[in-house]
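The values are calculated or read from the model by the stated rules, or taken from the named source; none is laboratory data. Only a predicted model underlies this, so the values are computations on that prediction, with no experimental measurement involved. FYI the Cβ positions are ideal-geometry reconstructions off the backbone, even for glycines, and counts take in every protein chain you see. Just the protein is used for accessible areas: all its heavy atoms, side chains included, with ligands, DNA and RNA removed. Shrake-Rupley method; radii C 1.70, N 1.55, O 1.52, S 1.80 Å.
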Amino acid sequence: MTSGLTTLAIDTAATLASTATAAAESTDKAGSAGVPPSMFQQYLTAALLLTGSGFTLLAGIGLIRMPDLYTRMQAAAKAGTLGMACLILSAAAFHGTTVVIALASLIVLFIFLTAPIGSHLIGRSAYFVDVPRWSGTRRDDLTGCYDWDTHRLYPTPEENTGRKDRPHRMPDAVPDAPTG
């Protein structure tokens, strides 16, 4: 028996496949599909694929090599977003149809809008539950700005008049990352 989420995913995939098939058939009727890509399209596709693969590889290496949650999250959010955008745009460059370019542009826009917001929320949540920071972290700009009773964030520690120390305190640092 499949779960509701699995059924939803299967239905969504089937809908997207039928939409893509209908779009391909409509471009076949217009005569633009089936035309081999030009040399410029091929070079652009190859450049975007290589660039996107490089950024995605850097994001993966960053996830493995970075010492704490905050730096890992930065590597995944920045390099991963650029890598996925280049890979999706390479598909648009290769196919070159209006429908594919429009869909790819919407996907890239969605990724650019959601990835930074998601990583910001994860980082903020991690900070407020006291996820330990790397021992090489030099400064913490939020120290004294968060009121633990009201859960309000103030721009400066001076504006936090009801400042209380954290109700619980985890270790401030995690050990250095392995260098091997």
For helices (runs of 4 or more DSSP H) lying entirely in region 1-111, having 1 or more residues that are modelled with pLDDT of 90 or more, closer than 30 Å to Arg139 by Cα and not aromatic (Phe, Trp, Tyr) picks out 39-65, 69-95
Going through region 71-90 in order, the residues found to be more than 16 Å from Ile117 (Cβ to Cβ) and either out of contact with any helix residue (DSSP H, G or I) (no Cβ under 6 Å at 6 or more places or on another chain) or touching a residue at least 60 places away in the same chain (Cβ under 8 Å) (or both) are Thr71
**Asked** Hey, does region 132-148 have a residue that's exposed (fewer than 13 other Cβ atoms within 10 Å of the Cβ) and under 30 Å from Val35 (Cβ atoms)?
**Response** no
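State yes or no: is Asp165 open to solvent by less than 40 Å² (accessible area, probe 1.4 Å), out of contact with any helix residue (DSSP H, G or I) (no Cβ under 9 Å at 6 or more places or on another chain) and modelled with pLDDT under 90? Steps first, please.
On the way: open to solvent by less than 40 Å² (accessible area, probe 1.4 Å): no; out of contact with any helix residue (DSSP H, G or I) (no Cβ under 9 Å at 6 or more places or on another chain): yes; modelled with pLDDT under 90: yes.
For Asp165, the condition - open to solvent by less than 40 Å² (accessible area, probe 1.4 Å), out of contact with any helix residue (DSSP H, G or I) (no Cβ under 9 Å at 6 or more places or on another chain) and modelled with pLDDT under 90 - is not met.
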Glu158 fails exactly one of (1) in a helix (DSSP H, G or I); (2) touching a Leu at 6+ places or on another chain (Cβ under 8 Å), namely (2)
Condition set under 9 Å from the mean Cα position of the chain (by Cα) and open to solvent by 70 Å² or more (accessible area, probe 1.4 Å), scope region 64-90, selection farthest from Arg124 (Cα to Cα): answer is Met84
